[in-house]
1. Mind checking which pairs have a first residue in segment 61-85 that is assigned to a helix (DSSP H, G or I) and a second that is surrounded by fewer than 20 Cβ atoms within 10 Å (Cβ to Cβ) and modelled with pLDDT under 90, Cβ under 6 Å, 6 or more apart or different chains?
2. Within segment 421-475, which residues are farther than 19 Å from ALA364 by Cβ, part of a helix (DSSP H, G or I) and modelled with pLDDT of 95 or more?
3. Report the residue count in segment 125-172 for those that are modelled with pLDDT of 65 or more and in a loop (DSSP other than H, G, I, E, B).
4. So, of the residues in segment 96-117 that are charged (D, E, K, R) and more than 17 Å from GLU77 (Cβ to Cβ), which turns out to be surrounded by the most Cβ atoms within 10 Å (Cβ to Cβ)?
5. Just checking, which of THR378, THR388, THR398 is modelled with pLDDT of 95 or more and not aromatic (Phe, Trp, Tyr)?
6. Working only within segment 213-229, note down all residues that are part of a strand (DSSP E or B), within 18 Å of ILE251 (Cα to Cα) and out of contact with any Gly (no Cβ under 6 Å at 6 or more places or on another chain).
7. Return the residues of segment 299-316 that are touching a residue at least 24 places away in the same chain (Cβ under 8 Å) and more than 23 Å from ARG232 (Cβ to Cβ); say none if nothing qualifies.
8. If you take the residues of segment 360-380 that are outside any helix (DSSP H, G or I) and touching a Gly at 6+ places or on another chain (Cβ under 8 Å), which of them is surrounded by the most Cβ atoms within 10 Å (Cβ to Cβ)?
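The values are calculated or read from the model by the stated rules, or taken from the named source; none is laboratory data. For clarity, every value in this text was computed on a predicted model and none was experimentally measured. Counting neighbours? That spans all protein chains shown, and the Cβs are built from the backbone with ideal geometry, glycine included.
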Amino acid sequence: MTTQHRGLIVDDHEEQAEKIKQGLKIAFKKIDVVVDWKFADSALKACTLIEDEEPFDIAILDYELEESENALSVVDELRDKAPRCYILVVTGVGHDYPYFAELARNRGAAAAIHRKQLTLTKSATDEVESWDYHHLAARISRHLTVQGWGGKLNVEFAETAGMESMLYQLGTPPGADGDVRARGKRVARSLILECLGERDLHTTLHVEHLTAGKSGAFVCKVRGEQPGRANRSSVIKMSLNRADLESEHRINKDAAEVIGDGALVKFADRARKDPQSDYWALASPFAEDTVALDRWLAHPGTLPTQAGAVAGEIFGRSLAPLFQSSLRTDQATDSWFALSPVHLQRVREAISAYRPVWGLPEGAAVPGAEGLATELRTFADDRTLPGTNVPPVPKKVTYVHGFGDLHSGNILVRATGQPWPRLVDASGYGPQHWAGDAARLLVDLVLVVRRTGAGSMLWSSVVADAEFAGDLCGCDIGPHPTDPAGAETSPVDAFIGEVVGRRQEFLHLDELGLREADWHWQWHTALAREFLRQGARPGLMPTSAVLGLTAAARHLGKAVTALRGGEVPPGR
């Protein structure tokens, strides 16, 4: 199907106007676009057309017009009547107007160039520097797609709270006004097309918000659909901070060299910029269609056995290279205990906020809540395990190279055929405690993925959920997913059960030379740190926050018991 647009050419030389029309006609034909052109040879006639006609999609304006007029008044009129129009200002006498390009762009033109750059011969240089008719047609087509006039290339945004928040923030730079959401969509479309270079006809791109990235970045998944072709996905990270994105690109590349391309999706070659804002983006394109782990686990068609198999693939294969001996180091235990200043303040505020309702019968009704709160403050403030006569901890613990920010949003699972996980965005890759990745993902699953629906909002659910959360050490967390008796086990519980049940294998405890007396208290401490960190996260439901704090305190208590050599539940 041919896409039709309305165009305006303003030039006081008719032969130049006709040349532009014919050059773009040839270039647009190759991408199946037709333009209905109108002509004006003066600023007055152009402004009259703009006032009387339907809004124009494209405008090519000669800077110098008759009677000492220039194109700036036409740019102003177009911006007022057709704010989404692509405006190009050209001149053949640039030496007479050295600042014409700056003036035109400041008034709202997309670009301003010398007329001699418009040629039929297609340039072999990068598109950013090319202004032949073919590249100009592609540039105009991209602009109209970004503005939502894309014709055959349709970009659809999911209607979720995360997506709405992302679009709102993308559309609200300092001093901005007008339609914030529409501007956010324009920025997102532009970055997506800059990253993917999408040119296929009849393509629909579905955009879903995945998670908030580091330094205020936004991470989303883009799924492309085209008739007769398999769906394909990309993960795109958008940020105002180009330096952070480029640093994360380097870190992700380092992680890929260890983990391997088959398990970790690499970022594309470089960051791309939205031409009309300060936002940059990185893309991780890959062939198969995928969904985030949290959504996959919640899908009615996902089986517990499949969930267990995906957990085994992630920890038994994808993350296994991170434990190799060359990547191991010793770290002071005191440093491992320490929370960052931001997390420490969040923990203090969360404990203060929820302390009044933690033990109330009308609230969470957690037994011994006041004592649990005191133990958490002791650990957070003093970097020591709570209690009296606590045996001294070893001065050092083992660090490996961890993924760093392993959660259900940056694990994608193939949506068709045999489920297969892929990791994305290893921007947190680097040295961390050997239990860090497992603890972070398990806590995310317990606090967020496992607790859904109205029941998760009720205080009455906290005590039972805290029993589960405090028992992630080979205790009875439900039948093992390969056990026939586990038919009623949910996929998320099967995933958790697989990780906990096989932690000695998955975390290479024997290879690390850790006896049970060494690793057991560290496992509980790692879980406690994560429950504390994630439970104090801003925006978490109060019931989930109290659950996180309760589980953190219980795991600290179990860490002390393990240090004392007390009886511990055997691992599977």
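1. Within 6 Å, the pairs are LEU72/ARG107; VAL75/ARG107; VAL75/GLY108; ARG79/GLY108.
2. Filtering segment 421-475 down to residues farther than 19 Å from ALA364 by Cβ leaves 421-442, 444-445, 449, 472-475.
With the extra rule that they be part of a helix (DSSP H, G or I), the set shrinks to 436-442, 444-445, 449.
The answer is GLY436, ASP437, ALA438, ALA439, ARG440, LEU441, LEU442, ASP444, LEU445.
3. So the answer is 10.
4. In this case the residue turns out to be ARG115.
5. Values: THR378 fails: modelled with pLDDT of 95 or more; THR388 fails: modelled with pLDDT of 95 or more.
On inspection, the qualifying residue turns out to be THR398.
6. The answer is PHE218, and nothing else.
7. Hits for segment 299-316 are LEU303, PRO304, THR305, ALA307, GLY308, ALA309, ALA311, GLY312, PHE315, GLY316.
8. Of segment 360-380, the ones outside any helix (DSSP H, G or I) are 360-368.
Filter again for touching a Gly at 6+ places or on another chain (Cβ under 8 Å), leaving 365-368.
On the way: ALA365: 15, VAL366: 23, PRO367: 10, GLY368: 15.
Step by step, filter segment 360-380, then rank; the result is VAL366.
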